[in-house]
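> Structure provided below as structure tokens; questions to follow.
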Number of protein chains: 2
Amino acid sequence: MSVTAPAGFVAGGAASGIKSSGDLDLAVVATADARAVPSAAVFTANLAPAAPVMVSRAHLAASGGRAAAVVLNAGNANGATGIAGRANAERTAALVANALGATTEEVLVCSTGIIGVPLPMERLDTALPPLVARLSGDEAGATAAATAIMTTDTTAKQTRIDGDGFVVGGIGKGAAMLAPNMATMLAVLTTDAAVEAAVLGRMVGDGVASTFNSMSVDGSMSTNDTVVVMASGSAGPADEAAVSDAIRRGCADLAAQMVADAEGATRVVRIAVIGAVDDAEARRAARAVADSALVKCSLHGGDPYWGRVVSELGSAGVSFDPERVSVSYGGVTTCSKGVAVLHDEAVVRSHLAGRQVEVQSDLGLGNGTAFVLTCDLGPGYIDENMRTS
Amino acid sequence: MSVTAPAGFVAGGAASGIKSSGDLDLAVVATADARAVPSAAVFTANLAPAAPVMVSRAHLAASGGRAAAVVLNAGNANGATGIAGRANAERTAALVANALGATTEEVLVCSTGIIGVPLPMERLDTALPPLVARLSGDEAGATAAATAIMTTDTTAKQTRIDGDGFVVGGIGKGAAMLAPNMATMLAVLTTDAAVEAAVLGRMVGDGVASTFNSMSVDGSMSTNDTVVVMASGSAGPADEAAVSDAIRRGCADLAAQMVADAEGATRVVRIAVIGAVDDAEARRAARAVADSALVKCSLHGGDPYWGRVVSELGSAGVSFDPERVSVSYGGVTTCSKGVAVLHDEAVVRSHLAGRQVEVQSDLGLGNGTAFVLTCDLGPGYIDENMRTS
């Protein structure tokens, strides 16, 4: 049920023709009664934000943190499209608002796809009113919405976390450019718990920090990243810590699905760093390893080449002592105090041949820890990204 | 003639068996009379430097900037090898010193290859004395040395710059991990101009900054990077600016050969950024574009996807205004003031289909400029790096 699992939400998807394939490409998630409810969002930190990011940010500010709907399209990012692009994002929101009976400021907009190409508005003009008219609270509506926002994703990404007296649901998409600060990923989370917008904002901020912001496919940060959360309040008040935890778990579930489905990926890799002087340095070191094309190629080949890990740690710009570092794969130490140690090579190779891989480095300097979820770099990534169409 | 073109130098190569292929893997460049001459070097900034880097740095300090020879091996980086690794690097220097009749501190050591594996010293013990005995000042010696230091390089890299009354020669290697701060690249430059060690140090520092440090294959910085320059003085004093310029040109020539021969590369790409608020921000922006796997995949496919360039500029951590940026390929503007502009698409596609590609971004903010030489990201890179052997 995902995004429609919490009481008070409807969703749906349509094939408007933005994708030339004819696949679903337009989604709406709305409150069942078209009422604006407390809402919050985290947006990309890219200084070239796409039009929908600029428009959604302005709408949330104008509405005082309330939204009745989110409209999402795939196949066109509406980024680097200038004033005309912003007008198109505004018009997209207005089309949904009119069909729902809400105000334009109560509708948020998300887009993903190619950058620099005008959004084909005539297709949205035609497709949005009938889509809004048939939004539903059943599973089909949520699945259609999750499917419509896919780009090079191979699976629709949905989550549902059942709390004590409330539910959190969510849909998301993401395939490449998954990087520090949530790259090319969109997610819409819903809950029926009653939560004020400001509190919701803190919850989604916290949830994103430890999940979407801890994954990296290729180190690139997109122009369109957005995570929205809406709280219908239909289930009444709930324990704040419990809601926050459920939102974090929903984000974590979607993040894990995104990394597993990254372009060309054959393995999900958890790059952990412990023993850094502080958490910030641990995070920087983990990202340096996770973003290394050389390390990721090794992981694609299932090769426990810890020397590349040490080399990336040494050039990560963090405190580092080559005589204190150790590296383990799946819990088996291959390098200790900076040099190779005898270990069961068959166990390590078997771990690296699996779908879930763990690489942990101990810098031996302090108590700082962090992890980054990433994937291997294989030929599929290049196939996917060498041409726009 | 490359490294033996300047008067007063000899060189040679041998197949010691470090490379299991039986190819040449050991090189020596020395002064013809085994006399220590003014020498300087630039080393990797990686905080996990390999043993030969630590040893060479100490030797130059102990000798007061004089060296009689450089010994280089490929197939084993002697990195992450601890105290035993440093002892092996010292012994390598001593073997050459004994054979030449120089002191150990007058010999520098460079290694490249796999990290974390002990250097097979018995092979060096056997191979080094006869190699030193047959060093020669002819072309064969220089070519053998240039060939012996190749790893995944497909061509030996040599340069010769003729100055007014003096000559600069050089050999180099580099294939992957070519990144900011000279990754996995080695170069030995020689000149017969008479230059003091301190001056030579400034010259090589300047030369590296604008050449090797302005190239990037995959953003990784190696544990072994070293650029050595030795001045025999055989040609007598020369104009300092002219020698410095010749060293810079020699470095530039080797750098261009390295990028062109990068693992799996099919194109050399010059990523230029102009109009940044200062040169430092221009450099950071150019590197962000050059290190982007998404941009490099586009370049592999010959796809002028300027939206990815804008996206990387927006997340490069530099001052950026999306309404001022423009992007051009081979001089043809495809994006101006942040949006697509009409242009001759056939001309752009034809430029991108070539071996030499130019991508220039104008941030429209100031007078800062920089460029980075890089290459495309194709399946060959993954094939090369997915397994150690």
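The values are calculated or read from the model by the stated rules, or taken from the named source; none is laboratory data. Since we're looking at a predicted model, the values are computed, not measured. Note that we place each Cβ from the backbone using ideal geometry, even for glycine, and neighbour counts take in every protein chain shown. In case anyone asks, the SASA skips ligands and DNA or RNA and just uses the protein heavy atoms, side chains included. Shrake-Rupley method; radii C 1.70, N 1.55, O 1.52, S 1.80 Å.
> Would you be so kind as to identify which of A:Val37, A:Ala89, B:Thr159 lies farthest towards the positive end of the dipole of the protein assembly as shown, taking Lys and Arg as +1 and Asp and Glu as -1 on Cβ and the Cα centre as origin?
Farthest along the dipole direction, towards plus: B:Thr159.
> Ok, one more. Over segment A:78-138, what percent of the accessible surface lies on carbon and sulfur atoms, probe 1.4 Å? Numbers along the way, then the final one.
On the way: 1360 of 2400 Å².
Using a 1.4 Å probe with all protein chains present, segment A:78-138 comes out at 57 percent carbon and sulfur.
> Between A:Leu135, A:Leu294, A:Leu24, where does the largest GNM mean-square fluctuation fall for chain A, given springs only between Cα atoms within less than 10 Å?
Maximum fluctuation in the GNM of chain A, among the listed residues, is at A:Leu294.
> Compute the distance in nm between two label points, each set 7 Å from the Cα along the Cα-to-Cβ direction, one at A:Ala94 and one at A:Ser350.
6.5
> How far, in nm to one decimal, is A:Thr155 from itself in the other copies if the label point is set 7 angstrom along Cα toward Cβ? Shortest first, please.
So the distances to the same position in the other copies read 4.6 nm.
> While we're looking at this one, here's another question. Of the peptides B:92-101, A:145-154, B:235-244, how do they stack up when ordered by the mean number of other Cβ atoms within 10 Å, highest first?
Values: B:92-101: 20.7, A:145-154: 23.3, B:235-244: 15.9.
Going by the mean number of other Cβ atoms within 10 Å, highest first, we get A:145-154, B:92-101, B:235-244.
> Shortest first and in nm with one decimal, please list how far the B:Lys337 label point sits from its counterparts in the other copies (point 7 Å along Cα→Cβ).
The projected label point of B:Lys337 is separated from its counterparts by 6.6 nm.
> Where the accessible area of segment A:242-310 is counted over protein heavy atoms with a 1.4 Å probe, how much of it, in %, is carbon and sulfur?
Values: 850 of 1780 Å².
So the carbon and sulfur contribution to the accessible surface is 48 percent.
> Another one. For segment B:51-199, with only Lys/Arg (+1) and Asp/Glu (-1) charged at the beta-carbon, what is the dipole magnitude about the Cα centre, in debye rounded to 20?
Numbers: 9 positive and 12 negative charges, 86 e Å.
Dipole magnitude for segment B:51-199 comes out near 420 debye.
> Also, quick follow-up: Once you place label points 7 Å from the Cα toward the Cβ at A:Ala209 and B:Val199, how far apart are they in nm?
Between A:Ala209 and B:Val199, the label points sit 5.7 nm apart.
> Given contacts defined as C-alpha pairs under 8 Å and at least six residues apart, what's the relative contact order of segment A:296-376, whole-number percent?
Numbers: 103 pairs, mean separation 26.6, N = 81.
33 percent.
> Taking every pair of Cα atoms in segment B:234-349, average 1/r, invert it to obtain the Kirkwood radius, and report Rg/Rh to two decimals.
Details: Rg = 17.7 Å, Rh = 16.4 Å.
That ratio equals 1.08.
> Which values of log₁₀ I(q)/I(0), to two decimal places, follow from the Debye formula for segment A:1-110 at q = 0.11, 0.13 Å⁻¹ with a uniform point scatterer at every Cα?
-0.33, -0.47
> Given labels modelled 7 Å from the Cα in the Cβ direction, how far is it in nm from B:Asp278 to A:Glu240?
4.3
> Taking the protein assembly as shown, how much of its Cα-Cα pair set, in percent, is spaced more than 48 angstrom apart? Mind showing how you got there, number by number?
Details: 74519 of 302253 pairs.
Of all Cα-Cα distances in the protein assembly as shown, 25 percent exceed 48 Å.
> B:Cys110's amide H: which non-local residues (gap 5+, or another chain) put their own amide H closer than 5 Å, with H modeled 1.01 Å from N in plane and none for Pro or chain starts?
B:Val71, B:Leu72, B:Asn73
> For chain A, modelled as a Gaussian network with Cα springs under 10 Å, which listed residue fluctuates most, A:Ala48, A:Ala370, A:Ala256?
A:Ala48
> Taking the label point 7 Å from Cα in the Cβ direction, how far apart in nm is A:Asp239 from each other copy of itself, listed shortest first?
8.1
> Rg and Dmax of segment A:296-373, Cα atoms, in Å?
Values for segment A:296-373 (Cα only, Rg and Dmax): 12.2, 33 Å.
> Check the axis relating chain B to chain A and name the residue of B whose C-beta is nearest, distance in whole Å.
B:Pro379, 2
> Hey, another quick one. What does the buried accessible surface come to for A and B, summed over both chains, with the probe at 1.4 Å? Round to 100 Å². All intermediate terms of the calculation are to be shown ahead of the outcome.
Values: alone 14580 and 14600 Å², together 25240 Å².
Buried area between the two chains comes out at roughly 3900 Å².
> With each run of n ≥ 4 DSSP H residues scored as -39500 (n - 2.57), what mean residue ellipticity at 222 nm is computed for chain B after dividing by its residue count and rounding to the nearest 500 deg cm²/dmol? Let's see the in-between values first.
Working: 11 runs with 134 residues, N = 389.
Per the formula, -10500 deg cm²/dmol.
> Please work out how much length the chain gains when fully extended from B:Ser21 to B:Thr154, using 0.36 nm per residue of separation minus the C-alpha to C-alpha distance, in nm with one decimal.
So the chain would gain 46.4 nm between B:Ser21 and B:Thr154.
> Using Cα pairs under 8 angstrom and six or more residues apart, how large is the relative contact order of chain B, in percent?
Numbers: 1074 pairs, mean separation 67.1, N = 389.
So the answer I get is 17 percent.
> Got a sec? Which residues in segment A:230-264 would a label at A:Ala32 touch, if it sits 7 Å along Cα→Cβ and we count backbone N under 15 Å?
Within reach of a label on A:Ala32, which here means backbone N under 15 Å from a point 7 Å along Cα→Cβ, segment A:230-264 contributes A:231-236.
> At a Förster distance of 45 Å, what's the computed FRET efficiency of A:Asp164 paired with B:Val341, Cβ-Cβ distance as r, to 0.05?
According to the calculation, E is roughly 0.20.
> While we're looking at this one, here's another question. For segment B:264-371, which GluC sites (Glu not before Pro) pass both filters: DSSP loop (anything but H, G, I, E, B) and at most 13 other C-beta atoms within 10 Å?
B:Glu323
> Turning to a different aspect of this structure: Rg and Dmax of chain A, using alpha carbons, in Å: what are they?
Calculated on Cα positions, Rg and Dmax stand at 21.5, 69 Å.
> Could you order peptides A:194-200, A:34-40 by the average number of other Cβ atoms within 10 Å of their residues, highest first? Mind showing how you got there, number by number?
Details: A:194-200: 18.7, A:34-40: 22.3.
Top of the packing list down: A:34-40, A:194-200.
> Determine the shielding of peptide A:372-379 by partner chains: average, over its residues, the number of Cβ atoms on other chains within 10 angstrom of each Cβ. Please list the in-between numbers first.
On the way: counts 0, 0, 0, 0, 2, 7, 3, 7.
Whole-number average of other-chain Cβ neighbours for A:372-379 is 2.
> Next question, about the same structure. For a quick check, take a GNM of chain B with Cα springs below 10 Å and name the residue from B:Val332, B:Val259, B:Val204 with the largest mean-square fluctuation.
B:Val332
> Continuing with this model, one more query. By the scheme Lys and Arg +1, Asp and Glu -1, what is the net charge of all other residues having a beta-carbon under 15 Å from that of A:Leu26? Working shown, then result.
Numbers: positive: A:Lys19, A:Arg91, A:Arg123, A:Arg134, A:Lys173; negative: A:Asp23, A:Asp25, A:Glu122, A:Asp125.
Here the count lands on +1.
> Taking every Cα atom in segment B:239-295, find the radius of gyration and the maximum pairwise distance Dmax, and write them in Å.
Over segment B:239-295's Cα set, Rg and Dmax evaluate to 14.6, 46 Å.
> Then there is this: Run through all the Cα pairs of segment A:184-304 and give the fraction in each 5 Å bin from 0, expressed as whole percent.
Reading the bins upward from 0: 2, 10, 18, 19, 17, 14, 10, 6, 3, 2, 0.
> Moving on. Enter the mean number of other protein chain beta carbons within 10 Å of the beta carbon of each residue in A:222-228, as an integer. Intermediate results must be reported in sequence, preceding the final value.
On the way: counts 5, 8, 1, 0, 0, 0, 0.
Per-residue shielding by partner chains comes out at 2.
> What does the charge add up to near A:Asp206, with Lys and Arg as +1, Asp and Glu as -1, over the other residues with Cβ less than 13 Å from its Cβ? Each step should come with its number before you reach the end.
Values: positive: A:Arg202, A:Arg248, A:Arg249; negative: A:Glu240, A:Asp245.
In short, +1.
> Now for a separate question. What lysines does A:Lys296 reach when the alpha-carbon gap must be under 17 Å and sequence neighbours fewer than 8 apart in one chain are set aside?
Once the sequence-local lysines are set aside, what remains near A:Lys296 is B:Lys296.
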